[in-house]
Amino acid sequence: MVSISTIRKGCRCPCVSSVGVSVLAHSLDSGPDPDRGDFLAQAEPYRRELLAHCYRMTGSLHDAEDLVQETFLRAWKSYDRFEGKSSVRTWLHRIATNTCLTALEGRQRRPLPTGLGAPSSQPTDELIERAEVPWLEPLPETLHDDPADPSVIVGSRESVRLAFVAALQHLSPRQRAVLVLRDVLQWRAAEVAGAIGTSVAAVNSLLQRARAQLDAVGPSQDDQLSAPESAEAREQLARYISAFEDYDIERLVDMFTAEAVWEMPPFDGWYRGGPAIGALIHHNCPAEAAGDMRLLPLIANGQPAAAMYMRLPDAGGRHVPFQLHVLDLGPDGISHVVAFLDTSLFAKFGLPEVL
């Protein structure tokens, strides 16, 4: 799980996958303006960290992409009034925060199945799909901040860990904004107050309540997760992939910790412990033999992950997108897997349509 204290030490935002610029480009081409090139030169370097910021606020990669686009459009329209009293980065994050707050009005939070409050399920229970729930989504990772600074990488990854973003969903949008601006971006209380149009006293009150709630529902500070590029994580992930591809459920079960959790939105059930997870896979996985599944290693939310392709009869026997797995790996084994069944995410991760 994620250490909240690590996030509070301060970090720069991670560089994550970029979004399209077609809408913005169309707006910028609507007429001549001598400041157009200057705006793009000033704003474009912050696109990826703005995507991470909007993702923390919304829990959705799809929404975050749209909100970054809206942020750039709003910034472009008001660029002639930018007086340079703050940095361009601060100014853009201020616009992005308010864009997110507006978008979140009246919206449901984005949970994982464990966040719905139901007890763990039995592996033989019927799988219940909840398509109406706006589920939390994973975040691709392509680049980091300065790789020569390990503390920057650790802090950046901590701030987009799946468990941390899931915990943020328990906060109100304004609590979420205050906590992210104060504890992730390390803004002063007065800067936050100015950004969201409230008082310093209100910011401090919102932050206090947000921290208390996050400590109650958030990840433990004691759990140690392996960095995705570490030798240990690469070896564990390789064994995990091999067990699936060999359809060796017994070997897979041995990799989980005693209290490991498996969940797979949009199904609302979740499962605890290696034996239950193994039974779930045995009873519900469409694979029948070795070779039916193929997995590609990747990184999501700063964590080891894998894209699963399944050989299906209705796909002509080809391996097609099936699930995206985001793993918590530690010295004791695998403690958590979220298997996302939204195959539209494969394109967002730059993954092929067919293997």
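The values are calculated or read from the model by the stated rules, or taken from the named source; none is laboratory data. Bear in mind the structure is a predicted one, so any value in this text is a computation, not a measurement. Glycine gets a Cβ as well: all are built from the backbone with ideal geometry, and neighbour counts include every protein chain shown. The area values use the complete protein model at the heavy-atom level, side chains included, leaving out ligands, DNA and RNA. Shrake-Rupley method; radii C 1.70, N 1.55, O 1.52, S 1.80 Å.
Each Cα pair under 8 Å and six or more residues apart adds its sequence gap; the mean of these over the residue count of the stretch 283-355 is a relative contact order of 23 percent. Summed over the residues of the stretch 240-355 and divided among them, the accessible surface reaches 39 Å² per residue at a probe radius of 1.4 Å.
Surface composition of the stretch 221-355: carbon and sulfur make up 51 percent of the accessible area, probe 1.4 Å.
Checking every one of the chymotrypsin sites (Phe, Trp or Tyr not before Pro) in the stretch 74-127 against DSSP loop status and a limit of 16 other Cβ atoms within 10 Å picks out 82.
Of the trypsin sites (Lys or Arg not before Pro) in the stretch 230-328, the ones in a loop by DSSP (not H, G, I, E or B) with at most 14 other beta carbons within 10 Å are 318.
Cα centroid distance between the stretch 325-353 and the stretch 56-72, in Å? Between the Cα centre of the stretch 325-353 and that of the stretch 56-72, the gap is 20 Å.
Could you pull out the trypsin sites (Lys or Arg not before Pro) across the stretch 68-123 that fall in loop regions by DSSP (anything but H, G, I, E, B) with no more than 11 other Cβ atoms inside 10 Å?
Sites meeting the loop and neighbour criteria: 85.
Once the Cβ-Cβ distance of residue 315 and residue 234 is raised to the sixth power relative to R0 = 25 Å, the FRET efficiency obtained is 0.25. Distance between the modelled labels on residue 41 and residue 347, one decimal in nanometres: 3.5 nm (7 Å Cα→Cβ projection).
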